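> Here it is, the structure in full.
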Amino acid sequence: MPPGNQRSLLRILVICSISAAGFGSSSAFAAEIYSYMGPDYSECSGTYVANCTSYHLTGSFITTLSLGQLEDLTSYSMPVSDIAGFSFLDGSGFGLSQADAVVSSLAITTNASGNITWWLIQFTGTSGSFVSTYSCRVGTCPGGFVGGADGSGTSVVNSGSTNFEPFGQTWTGPQSIGTPTPEPTGSFLAGIGLTILVGLTVVRGQFQQVWRHCS
């Protein structure tokens, strides 16, 4: 193989290798997470009675909505398709997540930074288990009640709850999460195949050149 052609093929090989590496990267999974810390329970029934005031609701939910989409929402009822996951515990050993519960309601109001200022969130599990937390604004609560409440349990007769006036920043977030995960794509595999093909062509040309000299 003439030196000029060999250099050209080697140049193509380098270009193909770079292209294959570039095609291998994929877009990152990005999401926003909100975390909640509620006040201690004050009313309990069933197994919750003994340690009632040591229980309180904590948890988080993840949404695929971007930060920009989460800003300045008003009583926004989030579609299930935009909820990537959730998990809430009350300290008693009971909790609910997307693995064993469904979203009955997830409605929020946010400020210009995407922080939650009002919410109505309810998850329902099997056999009557539930997690509920809300904070009512003037004109949004039944009977004119203004305030908030948390509750959870395996049933209404085995549960804990508390009422509270909204205070401080009960919710934290939104906080961006997600890590880029490179994945092979069709273009990436095609690039690898082309790289191998060109490489074999170069090797074959060199072999034929040596064979002619030795014959």
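Derivation of every value follows stated rules applied to the coordinates shown; laboratory data play no part. If you're wondering where the values come from, they're calculated on a predicted model, not measured in any experiment. A quick note on method: Cβ atoms are made from the backbone with ideal geometry, for glycine too, and the neighbour counts reach across all protein chains shown.
> Extension gain Met37-Val156, at 0.36 nm per residue separation less the Cα-Cα distance, in nm?
40.7 nm
> Counting Lys and Arg as +1 and Asp and Glu as -1, what is the net charge of the other residues whose Cβ lies under 14 Å from the Cβ of Ser161?
Spelling it out: positives minus negatives among the neighbours equals -4.
> Let me ask something else. In nm, what is the difference between 0.36 nm times the number of residues separating Thr47 and Ser127 and their Cα-Cα distance?
Fully extending the segment from Thr47 to Ser127 adds 27.1 nm.
> Treat every Asp and Glu Cβ in segment 31-177 as -1 and every Lys and Arg Cβ as +1, leave all other atoms uncharged, and give the resulting dipole magnitude about the Cα centre to the nearest 20 debye. Could the numbers behind the result be given before it?
Working: 1 positive and 10 negative charges, 23 e Å.
The dipole magnitude comes to about 120 debye.
> Please give the net charge around Ser176, taking every other residue with its beta carbon less than 14 angstrom from that of Ser176, where Lys and Arg add +1 and Asp and Glu add -1.
Local net charge: -2.
> Can you tally the net charge around Tyr55? Count Lys and Arg as +1, Asp and Glu as -1, for every other residue whose Cβ sits under 10 Å from the Cβ of Tyr55.
Charge balance in the 10 Å sphere: -3.
> Okay, next question. Per the Kirkwood treatment, what hydrodynamic radius in Å, one decimal, follows for segment 31-177 from the mean inverse distance over all distinct Cα pairs?
15.5 Å
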